[in-house]
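The values are calculated or read from the model by the stated rules, or taken from the named source; none is laboratory data. Here the structure is a predicted model, which is why all the values come from computation and not from measurement. Here the Cβ positions follow ideal geometry from the backbone for every residue, glycine too, while neighbour counts run over all protein chains shown. Just so you know, the surface numbers come from the protein's heavy atoms only, side chains and all, with ligands and any DNA or RNA stripped out. Shrake-Rupley method; radii C 1.70, N 1.55, O 1.52, S 1.80 Å.
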Amino acid sequence: MIRRVIAFVLSLAMAGAAQAAVTWDWTGGASTTDWYTPGNWSFTGTTSYTQPSEQYDTVPAIDVIDAPASGPNYAYINSDITAININGTPSGVTVDKTVELPPFGIGDHGQSSYLVTGGVNCTMTLDNAATLNVGNTLWLAEDVLGAGGVTGQLNVLGGSTLNADILRIGHGGTATFNVTGGSAVNTGNGCDFASATKGVATVNITNSAFSNTAVQAKIAAGEESTAIVNLTNSVFSTGDFLQVGFGVKSHAEMYVTNSTVNVAERLVVGRGSEANAYIKVDNSTLNLATVGDGNRIYLGIATASNPGESTGAMDILNGSTVNFGVVGESNYVLVGSELNSNGILNIDNSSMNILGTDLNIGHRGGKAQLNVTGGSTLLIGRDLNSSQDTTATGGLATINISDSTVTTTTGKFRVSSGYGTVTANLTNATINTGMEVRVAESGQSVGYLNIHNGTTINCGLDFETCTFDTTATGIGSRAYVHMYNGDVNIDGYMCLSREVKGGAYTEFIMDDGTVDIGLAPAPDPEEFLDNLILGWFDTDAEANLTINGGRMTVAGAIRMGNEFDWDGGAVPLTGSDLGKLRLTIDGGVLEAADYVDAGTFTDHLIIMNDGELRLLGSAVSETEMLALITGGDISCPNGYTIYTDGDYTVLEATAPKTPGDADRDGDVDADDARRLAENWLRSDMSVQWRHGDFNDDGRVDDLDASILAANWGTGVEGVGVPEPGSVALLLGLVAGLALWRRSR
């Protein structure tokens, strides 16, 4: 009841303010500084007060933020004020609101070094190099009682300076804060924008500097609050945390343009339950977490105290640079952290440097997106982890990297490193890892890695799928790698389905490009460090490697299963030997120094439908190659030829070909026309039958289209050879498909 009475009294005062229209102007000049002295002010309008912050002499003090103390009160701006002007003309003035006047200790608002505005349309302006010192907290548009209609504006203009211990803008009411013209705002113990329930704050900082030397800077700190911060050609610094979207159900936006933001410790975007927060960094620099341990960048975080779904997003655009520069313990960048969180990180034509720590995408059940585009660089000191989790909550993440470079200096590139599902799409990208690339690393994770044209992956150590799982039973991790084109360079080994137990599944499809394995294996006595290995510890695992085209070169051996553990001992059989290993060559070349049947999988097979298998002759002779076929290790359903070519024994499949049948499925139809269209006018050494080169002249052109048209419908029930007019129509269809392909 007391709160309602106070709200009623304040609302009456505010209603009167809308009619009174009183303006106070500083007249004390540059030689006097005392805010409270009546002679330092002049006013226009009608008022009973002697200076701008004396009223409410009949309202009792309740607590810190509910009401002013019994009067005269020197904390609250008078409710009849519409404007306060502190103008430094001609030489600047300094106004101090720092002295404590009695009564002391009657709640925070009863202390006169505070400054509180709570009326309607009260605008305070500092201009022409004026300085205002507030000894404690400055509240702008305070309405924690919910009286409604409380608005306020604070302008710091023309090289002026505002100094306050704490700054709270939009404290339940609606506030606008403008800082421009080479001005400065300095707070010592924190600043909050939209700092109380349903508060609204618009903050514009242009050609100026904002510094919060300690504690936190919060944007949209109150429940159901809204804050928009525009930073242009300015510097914003905080000595502790910057929290954007801190309040429950809050909405926060921060636009950083041609500016610099310095955050000493943590940047948290989308922290409150059901919060929605966004930062846009445009042609700017963010320097984050420069000292200490335990620092974080969070984009979307949900906790036990904030269980509702939260979203945090950051765009880094147009030549911007973000530096997470600290090297220490427990420092991480987390995009989508914990269940019910959503995180989005977009880097376009910019750079982000994460030194000495990890980047985690979709952490512990969170949902996340990482997009690196437009010639960007992402430098990570340790690992890039996605869907990292030690429990079965299951994160969900998407990684898109195009026309850009991602480097993990001393760490790994992990596509699903926990129990979740991750899709990584690489297009004309460069991935450099200090250690491994791992797809579907552990748990019941699912990882999709798609390698598109122009992409280069350089693995500092190994390439692994379904790396380990010591606890799962039944369903293991699942990896799907599709290499459309590009280059993969692996210093160490490639192992598909290496899991300790759990029944891992890998599907690796290579359509084109090159894969080189064992370029520079780490010093170690074990011979498998430059091998291609299908299956390792788990005999319930499945591994399927299909080579449709391109070239895969293995410095060591092809191992169907592996007989060594890390210490060189026999591999312990962890499954029931229900798994299977399949290496299918449908085109292209697989070249290796040796072939080894490790014996830990009974169901293993190389299937040769087309292309070549080349093994070093000193390891496998023509006789031994024939023995692999007759012994059941290699199947050649379409026939084969074995011959010696230089230092290699070559097994070449002699598969029959139906003219026009690009996909070799026995018929000539729209699927074959589509393949031809996708490779229209392609001309290079790697072009093959499967691309639509039906006359083997190294080019896909109208001659090949004519062959396809002449054999249209072959193998398709009820479809005959087309008439000559239909051939022209089909050629037009192919040309249209090719044009569609290019337009994409």
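In table form, for the structure just shown:
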quantity: Test: residue in region 575-585 that is part of a strand (DSSP E or B), open to solvent by 40 Å² or more (accessible area, probe 1.4 Å), of a type in the set (Lys, Arg) and on the phi < 0 side of the Ramachandran plot; calculated: yes
quantity: Total residues in region 141-175, condition out of contact with any His (no Cβ under 7 Å at 6 or more places or on another chain) and assigned to a strand (DSSP E or B); calculated: 18
quantity: Qualifying residues in region 176-193 (those that are among the hydroxyl-bearing types (Ser, Thr, Tyr) and assigned to a strand (DSSP E or B)) - the one most open to solvent (accessible area, probe 1.4 Å); calculated: Thr176
quantity: Which listed residue, of Ala520, Ala543, is touching a residue at least 40 places away in the same chain (Cβ under 8 Å) and either at negative phi or among the polar types (S, T, N, Q) (or both); calculated: Ala543
quantity: Filtered residues of region 217-237 (kept if more than 10 Å from Phe193 (Cβ to Cβ), open to solvent by 10 Å² or more (accessible area, probe 1.4 Å) and under 24 Å from the mean Cα position of the chain (by Cα)); calculated: Asn230, Ser237
quantity: Residue in region 383-394 that is of a type outside the set (D, E, K, R), out of contact with any helix residue (DSSP H, G or I) (no Cβ under 6 Å at 6 or more places or on another chain), at pLDDT 95 or above and open to solvent by 10 Å² or more (accessible area, probe 1.4 Å) present; calculated: no
quantity: Every pair of residues 6+ apart whose Cβ atoms lie under 7 Å, when the first sits in region 235-247 and is closer than 14 Å to Gly272 by Cβ while the second is polar (S, T, N, Q) and open to solvent by 10 Å² or more (accessible area, probe 1.4 Å); calculated: Phe241/Gln216; Gln243/Gln216; Gly245/Asn276
quantity: Pair list, Cβ under 7 Å, 6 or more apart: region 457-477 residue closer than 23 Å to Ser404 by Cα, other residue open to solvent by 50 Å² or more (accessible area, probe 1.4 Å) and modelled with pLDDT of 75 or more; calculated: Gly460/Met435; Leu461/Met435
quantity: Scope region 100-150; condition of a type in the set (D, E, K, R) and modelled with pLDDT of 70 or more; matching residues; calculated: Asp127, Glu142, Asp143
quantity: Enumeration of residues in region 263-287 that are surrounded by fewer than 24 Cβ atoms within 10 Å (Cβ to Cβ) and at negative phi; calculated: Ala264, Glu265, Arg266, Ser273, Asn276, Tyr278, Lys280, Asp282, Thr285, Asn287
quantity: Unmet criterion (only one of (1) free of Cβ contacts under 8 Å to residues at least 60 places away in the same chain; (2) farther than 20 Å from Ala277 by Cβ; (3) of a type in the set (Val, Ile, Thr); (4) open to solvent by less than 50 Å² (accessible area, probe 1.4 Å)) for Thr213; calculated: (4)
quantity: Selection within region 667-690 - open to solvent by less than 30 Å² (accessible area, probe 1.4 Å) and under 38 Å from the mean Cα position of the chain (by Cα); calculated: Leu676, Ala677, Asn679, Val687
quantity: Residues satisfying the stated conditions in region 540-570, i.e. open to solvent by 20 Å² or more (accessible area, probe 1.4 Å), assigned to a loop (DSSP other than H, G, I, E, B) and of a type in the set (A, V, I, L, M, F, W, C); calculated: Trp566
quantity: Residue in region 698-710 that is on the phi < 0 side of the Ramachandran plot, modelled with pLDDT under 85, open to solvent by 70 Å² or more (accessible area, probe 1.4 Å) and part of a loop (DSSP other than H, G, I, E, B) present; calculated: no
quantity: Residues of region 522-539 classified as assigned to a loop (DSSP other than H, G, I, E, B) and open to solvent by 50 Å² or more (accessible area, probe 1.4 Å), total; calculated: 3
quantity: Region 194-216, residues that are in a strand (DSSP E or B), aliphatic (A, V, I, L, M) and more than 16 Å from Trp139 (Cβ to Cβ); calculated: Ile205, Ala209
